[in-house]
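Colleague: Below: one structure in structure tokens.
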Amino acid sequence: MLLLAELLSAFLPTEVRGGRAYVLHALLMSVIAALVLVFFWRVFGGSWAAGLPWAAGLAAGVAAGYAVAWPVVRRRWTRPR
């Protein structure tokens with residue numbers, strides 16, 4: 001669990017160093033979130049047809065979170081130290 005937490009913390013918006021990497025991390029985290037949701041949906045007996053819209057919604061929510069965080073992250077990159 002600690003290894004998974006360390007891996008996922010490397011994909012936080014504040015840890016990314018570049019615009020392309022930021023978009024890549026947003027896409028990757030969206031896919032990971034959707035896959036985890038579908039996995040747990042199937043483990044607890046849900047059907048694919050009912051689980052996929054929820055997974056798509058969760059992936060869109062993660063991507064929207066990255067989009068909302070973009071101005072803050074970009075300002076942090078351009079701020080003089």
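Each value in this text was obtained by applying a stated rule to the coordinates, not by laboratory testing. Just so it is clear, the model here is predicted, and its values are computed rather than measured. No Cβ is skipped: glycine too gets one built from the backbone with ideal geometry, and neighbour counts run over all protein chains shown.
Colleague: Any chance you could give the angle, 0 to 90 degrees and rounded to 10, that helix 48-78 forms with the longest Cα principal axis of the chain?
Modeller: 10 degrees
Colleague: Considering the convex hull of the alpha carbon atoms of the chain, report its projected area averaged over all viewing directions, in nm², one decimal.
Modeller: 6.2 nm²
Colleague: Between Trp77 and Phe11, what is the label-point separation in nm under the 7 Å Cα-to-beta-carbon projection?
Modeller: 1.9 nm
Colleague: Which one, Ala21, Ala34, Ala50, has the greatest fluctuation when you compute a Gaussian network model over the chain with C-alpha springs under 10 angstrom?
Modeller: Of Ala21, Ala34, Ala50, the Gaussian network model singles out Ala50 as fluctuating most.
Colleague: So how strong a dipole does the chain carry about its Cα centre when Lys and Arg Cβ are +1 and Asp and Glu Cβ are -1, to the nearest 20 debye?
Modeller: 480 debye
Colleague: Please give the calculated 222 nm ellipticity per residue for the chain, where each DSSP H segment of at least 4 residues contributes -39500 (n - 2.57) and the sum is spread over every residue; nearest 500 deg cm²/dmol?
Modeller: Using -39500 (n - 2.57) per qualifying helix, the result is -27500 deg cm²/dmol.
Colleague: Grab the Cα-Cα distance for Phe39 and Arg20, subtract it from 0.36 nm times how many residues apart they are, and report the gain in nm with one decimal.
Modeller: In short, 4.0 nm is gained.
Colleague: With a 10 Å cut-off between alpha carbons and a GNM built on the chain, which of Val31, Val16, Val68 moves the most?
Modeller: Between Val31, Val16, Val68, it is Val68 that shows the largest mean-square fluctuation.
Colleague: Let me ask you something else. Pairs of alpha-carbon atoms within less than 8 angstrom and 6+ residues apart define the contacts here; what relative contact order does segment 17-78 have, in percent?
Modeller: Once normalised by length, the contact order is 39 percent.
Colleague: Are there any chymotrypsin sites (Phe, Trp or Tyr not before Pro) in segment 2-81 that are in a DSSP loop and have at most 12 other Cβ atoms within 10 Å? List them by number.
Modeller: Those that pass, being in a loop and sparsely packed, are Phe44.
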